[in-house]
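Reviewing the structure listed below.
The values are calculated or read from the model by the stated rules, or taken from the named source; none is laboratory data. Model, not experiment: these values are computed from the prediction. Here the Cβ positions follow ideal geometry from the backbone for every residue, glycine too, while neighbour counts run over all protein chains shown.
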Ligand SMILES: [Ca+2]
Ligand SMILES: [Ca+2]
């Protein structure tokens, strides 16, 4: 278990031109062994257990600053950080909570192609519902605060479940540690992931890095800067942490249903996956579980979207999925 150091609003129907839909990757249905089969696994990553998933779609990349700014411009939504909470940011070798930190001001340079960060789980859910309405789809989420419900039969956007995230990150459940395989993030001599690397050491002076590996980015990288995994999904290892739908349950793997698990019925923490650029990725593999309070906001955490495979969206995605 890697503890991450630490209400929904009614969004009006959008008006104006419809922005391009997020690029989605089709993930075929299948069964896999979810959990950490490797030596040194944390207790919450065991037992390894069978999971059957129906087919779904997942974002080709993390939601970007450009995509998120369309949501804000359309709704005037105030993110959790902008409501006065601020966000945790990297200041030298330290993590500090700064009241003026938010997705517009993560304390490092970003442009529209970078993944949006400093967004809470609540912000991610609101984005999903807005995106659904924007495209005339049925929103998946109802309710507010800790009583949000997800309709997985809806054709709109939602967060992936923890199982969906892991299955996609492992290229349909392969026994691998990282999206690129088991070794260092280099394929054909080229870096394939934004990790806590030599660039981070140069920028911040931090020592616990992937020694000798240099991806060129001390903070976030533009999405799709590195090669995707076998399914065509970018940055599912590296760049930023990603919120998923599930409440976090430390012992959930022991009781998880086999068919399409969606996490515990309640809790205090939401699960998140992957490793941000600020984390030592050797300890943050595709089977490692993360968690945080749903109002947690930090400058190395964002999200990607998913959609259920429904009859309605089969045709819609035929030209943008593989
Ligand atoms: Ca890096
Ligand atoms: Ca990521």
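Structure data summary
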read-out: Residue match in the stretch 267-274 (condition: surrounded by fewer than 16 Cβ atoms within 10 Å (Cβ to Cβ) and under 22 Å from residue 65 (Cβ atoms)); value: no
read-out: Condition check for residue 200: within 12 Å of ligand 1 (Cβ to nearest atom) and surrounded by 19 or more Cβ atoms within 10 Å (Cβ to Cβ); value: yes
read-out: Condition met for residue 156 (buried (at least 20 other Cβ atoms within 10 Å of the Cβ), within 14 Å of ligand 1 (Cβ to nearest atom) and under 19 Å from the mean Cα position of the chain (by Cα)); value: no
read-out: Residue within the stretch 179-192 that is within 30 Å of residue 92 (Cα to Cα) and within 16 Å of the chain's Cα centre (by Cα) present; value: yes
read-out: Residue 65 touching a helix residue (DSSP H, G or I) at 6+ places or on another chain (Cβ under 9 Å) and more than 16 Å from ligand 1 (Cβ to nearest atom); value: no
read-out: Residue list for the stretch 82-92, filter: surrounded by 19 or more Cβ atoms within 10 Å (Cβ to Cβ), under 28 Å from residue 208 (Cβ atoms) and out of contact with any helix residue (DSSP H, G or I) (no Cβ under 8 Å at 6 or more places or on another chain); value: 86, 88, 89
read-out: Breaking point among (1) crowded, with 24+ Cβ neighbours inside 10 Å; (2) modelled with pLDDT under 95, for residue 95; value: (1)
read-out: Of residues in the stretch 271-288 being modelled with pLDDT of 90 or more and over 11 Å from residue 300 (Cα atoms), the one nearest to ligand 2 (Cβ to nearest atom); value: 273
read-out: Per-region count, the stretch 200-215, residues within 16 Å of ligand 2 (Cβ to nearest atom) and either assigned to a loop (DSSP other than H, G, I, E, B) or in contact with a helix residue (DSSP H, G or I) (Cβ under 9 Å, 6 or more places away or on another chain) (or both); value: 2
read-out: Total residues in the stretch 237-270, condition under 11 Å from the mean Cα position of the chain (by Cα), at negative phi and modelled with pLDDT of 95 or more; value: 6
read-out: Which numbered condition residue 142 fails, given (1) crowded, with 16+ Cβ neighbours inside 10 Å; (2) modelled with pLDDT of 95 or more; value: (1)
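Let's see how each residue does on (1) touching a helix residue (DSSP H, G or I) at 6+ places or on another chain (Cβ under 8 Å); (2) part of a strand (DSSP E or B):
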| position | (1), (2) |
| --- | --- |
| 33 | no, yes |
| 47 | yes, no |
| 78 | no, no |
| 108 | no, no |
| 113 | yes, no |
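One line per residue, one yes/no per condition, for (1) within 16 Å of ligand 1 (Cβ to nearest atom); (2) in a strand (DSSP E or B); (3) buried (at least 21 other Cβ atoms within 10 Å of the Cβ):
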| residue | (1), (2), (3) |
| --- | --- |
| 133 | no, no, no |
| 152 | no, no, no |
| 166 | no, no, yes |
| 172 | no, no, no |
| 217 | yes, no, yes |
| 232 | no, no, no |
| 237 | yes, no, yes |
| 244 | no, yes, yes |
